[in-house]
1. For the chain, what relative contact order do you get, as a whole percent, if you take Cα pairs closer than 8 Å and at least 6 residues apart?
2. Mind telling me which of 325, 209, 403 comes out most flexible in a GNM of the chain, alpha-carbon contacts under 10 Å?
3. With the crude spin-label approximation of a point 7 Å out along Cα→Cβ, what separation in nm comes out for residue 397 versus residue 91?
4. On full extension of the chain, what length is gained from residue 238 through residue 177, given 0.36 nm per residue of separation minus the C-alpha to C-alpha distance?
5. What is the chain by shape, rounded, prolate or oblate, if you read a ≥ b ≥ c off the alpha carbon gyration tensor as root eigenvalues and call it rounded for a/c under 1.5, prolate for a/b larger than b/c, and oblate otherwise?
6. Give the relative contact order (percent, whole number) for the stretch 1-86; include only Cα pairs under 8 Å separated by 6+ residues.
7. Given the options 336, 175, 389, state which has the largest fluctuation in a GNM of the chain using a 10 Å cut-off (strictly under) for Cα springs.
8. Would you calculate, for the chain, the mean residue ellipticity at 222 nm contributed by helices, counting each DSSP H stretch of 4 or more residues as -39,500 (n - 2.57) and dividing by all residues, to the nearest 500?
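Bear in mind these aren't lab numbers, they're just calculated from the coordinates by the rules spelled out. Here the structure is a predicted model, which is why all the values come from computation and not from measurement. Glycine gets a Cβ as well: all are built from the backbone with ideal geometry, and neighbour counts include every protein chain shown.
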C-alpha cells in the first residue's frame, strides 16, 4: 500500500504544481485563460454548436471530435477519451448541451492548457535549471502563443495532445537525468494517450528510450528496451484493432484517402504556407479570412481561417524564432535532451512540410510540437549562462519578441471577437 501511495504522490507532483512558484504560474494562467474561455462560452455558441460539426474557426472540429473522437485512422483511441469528457460535461449541465455544457468544456481546456504551461515551466526550472527570472520570461512568452490561446477554450484532440506531449517529455527528461529506464508501464500509458489521440505521435514516445545511458553498449539494455517497447506497441495495437473490430484493411484505405485530401492544395505557395502556417501560425496570429460553409444538411454558417502573413514584420519575427531554435540545436548538438526534442520536431516537419499533409492548415497542428520552441530557447540560455553579454542579448531579444507577440495576438483576438459578435451570438 505504501508503494502505491508513493507512486500516487510522485504522479501528483509530476502533473500538478509542486512548489509555490509553480502554483503561482498555474494561478496566473488559469485566471487569464479562464476569463477568456468563460466569456466565450457564456456569450457565444462557437465552442459547441450542434449544427456545426467542423471548421467554425481555424479548421477545428469541436462537435465532431466531442461526439465521435474523430476519424479512427488519425485518432484511433480518442473515441473513448472524448466519451468520458462528453458524459462528464453532460453530467455537469444536467444532460443539456447549453451554456453550462460549453462552460464545462471551456474549463476543461483551460485547466489542461494551464497544466501544459506548468510542465514547460517545470522543464525550464528543473531540467535545464535556468534562474527563475529566465524561466518565467520564457514561460510567459510561451503562454501567449496563438496555439495556447486558442486551445485554452477549444475542446479538441490537439488540446490534450499538447499537454500529454509536454508532460511525457518532462517525465522522460527526469528519468534520463536520474539515469533511469523508462518503465514499460509508462511507455504503454504514453502510447495510449499520445498515440491514441494522434497516431503519428506514437513515434515520439520511444525517442527518449534511444538516449538511455549506455543503451547501445550493452546487449541486455538493448533487449530490455526492445521488450519494453514491444509491450507498449502490442497493447496499443490490440486496443487500436479492437476499436475497428480488427478490420485492419480499413486503416490503409482511410489513411490514403486522408492523405490525398489534405496534401493536395495548390492555391498558396508552399514556402509561404511553411512560414506562415507551420512555423508562424502556431505562435503569431496572421490575419483572418471569413468563408461561407455548410454542414451538408442545409445549415449555412460562417467560418474563420488564417491567412498568409501580409507584412514583413511577421516574417522577421518567425525568422528570429527559427534562428534562435536552430542556434540552440547547433550549440547543444551533443545534448541528449535537445536531440530528443529536435527529433520529435523533425517528425512533424517531415509530415507537414515535406509530405505536405495538412500544410494549408498546419497552424492547427501546433499542439504536436509548439512546446519545442520554449524548451530549445531555454537550452540556448543555458548554453550562455556564463556570458553576461550573451545572456543580456538573448534576454533583450526574447523581450522584444514577447512585446511584439503580445500586441499582435491581442489585436488578432479582438478581430476574433468581432467575428463572434457578428456571427455567433
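1. On the way: 550 pairs, mean separation 88.0, N = 425.
Here the relative contact order equals 21 percent.
2. 403
3. 4.9 nm
4. Length gained, residue 238 through residue 177: 18.7 nm.
5. Rounded, since a/c falls under 1.5.
6. That works out to 13 percent.
7. Highest fluctuation among the options: 389.
8. On the way: 17 runs with 260 residues, N = 425.
The per-residue figure over the chain is -20000 deg cm²/dmol.
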